[in-house]
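This is the structure I have questions about; it appears just below.
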Amino acid sequence: MANSDGVQILSIQQVRDIHLALVEMFRQQPDPIEPHGERPGGLLESAVARQLIGAQNHLIYADPISNAATLVYGLCTNHPFHNGNKRTALVSLLVHLDANGYIFREGIDHRLVYEFIVALADHGLHRLSYRHMPPIPPGVNPEDYAAQMAMCTAWLKENSRSIRLGDRPLRMRDLRRILASFQFELADPQQNYADIYTTEKVVQHIWLGIGRRVVPMRKKVFQIACAGMNATVPVSTVKEVRRRCKLRDIDGVDSETFYRQLDPLDHFLNVYRNILKKLSAN
């Protein structure tokens, strides 16, 4: 959902959905999110509404990074759920950034992300050390909202980047989902390879050539190496798949269109699974 400043914000229901996805993810884990669900008193509504603070139809935090900071701050500090608040805050942050064309920078140390979320929940960002720590004016309590927001925004700016167009590595299951959205099938994973199929309409003649009918015909397009649905597909393979399937920019499918077929929630739940598990024990 976009506002008048063009920032994509997360709705209350989207945050609820993220929380429920995490509940399912951790249901069989040693640290399940129990009890789950919202705490009373409008805490979730208040946390999500921080994205919309403004006047005269314009946001105070009108750029994507600072707006994402309002959301993760609200979810961490309002504790709107009975359990799993830090995990919900992290994934909500990632989905917000993704919706606005941003992502954590490559190779970010997962310990930094963990420490950031834990410190934010404790109003303790001023105890972290990073290059662009904004100075705290004399007489200002470093745990105050404005000071913590400034530090939260600075941390995100240092550790995020805009999503660049072009190809990037994917998990095999994500490639399968993308291809399915363009009516291709990734099938028959056997040992070390999988086949990509398309369905073509073929005209068949019947009744001694007098009549005809159009029937779907499965056609193999390409075969790729496959080490399992959770394995990483290298950039070179992604490029070749897009070429063979005619899903490139020159075919009318630019990179943004191609990669936006991903489910960001599923992607982030898997990429940051270890951090989420670590946060569950905190």
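The values are calculated or read from the model by the stated rules, or taken from the named source; none is laboratory data. In this text, all values refer to a predicted model and were calculated from it rather than measured experimentally. Cβ placement follows ideal geometry from the backbone for every residue including glycine, while neighbour counts extend to all protein chains displayed.
Out of P138, P134, P142, I need the residue that is modelled with pLDDT of 85 or more and in a loop (DSSP other than H, G, I, E, B). Which one?
Answer to the selection: P142.
A quick yes/no check of all residues on (1) crowded, with 20+ Cβ neighbours inside 10 Å; (2) in contact (Cβ under 8 Å) with a residue 60 or more places away in the chain:
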| position | (1), (2) |
| --- | --- |
| G6 | no, no |
| R16 | no, no |
| E24 | no, no |
| P32 | no, no |
| P64 | yes, no |
| T70 | yes, yes |
| F81 | yes, yes |
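Quick check on I108: is it touching a Gly at 6+ places or on another chain (Cβ under 8 Å), β-branched (V, I, T), in the same structural domain as K157 (by TED's automatic domain parsing) and modelled with pLDDT under 95?
Judged against the criteria, I108 is not a match.
Residues of the range 134-148 being under 22 Å from D109 (Cα atoms) and either touching an Asp or Glu at 6+ places or on another chain (Cβ under 9 Å) or buried (at least 17 other Cβ atoms within 10 Å of the Cβ) (or both), which ones?
Q148
Considering only the range 169-225, state which residues are β-branched (V, I, T), modelled with pLDDT of 75 or more and either exposed (fewer than 10 other Cβ atoms within 10 Å of the Cβ) or within 20 Å of K239 (Cβ to Cβ) (or both).
I178, I196, T198, V221, I224
With respect to L156, is the statement that it is crowded, with 16+ Cβ neighbours inside 10 Å, in contact (Cβ under 8 Å) with a residue 24 or more places away in the chain and within 26 Å of the chain's Cα centre (by Cα) true?
Yes: the conditions hold for L156.
Let me ask something else about it. Please indicate, with yes or no, whether at least one residue in the range 173-183 is among the aliphatic types (A, V, I, L, M), in the same structural domain as R243 (by TED's automatic domain parsing) and under 17 Å from the mean Cα position of the chain (by Cα).
yes
Residue by residue through the range 226-277, note down the ones that are of a type in the set (A, V, I, L, M, F, W, C), surrounded by fewer than 17 Cβ atoms within 10 Å (Cβ to Cβ) and farther than 30 Å from V23 by Cβ.
Passing the criteria: A227, V235, I250, V253.
Working carefully through the options R16, R50, find the one that is under 17 Å from G74 (Cβ atoms), in a helix (DSSP H, G or I) and in contact with an Asp or Glu (Cβ under 8 Å, 6 or more places away or on another chain).
Testing whether each residue is under 17 Å from G74 (Cβ atoms), in a helix (DSSP H, G or I) and in contact with an Asp or Glu (Cβ under 8 Å, 6 or more places away or on another chain) leaves just R16.
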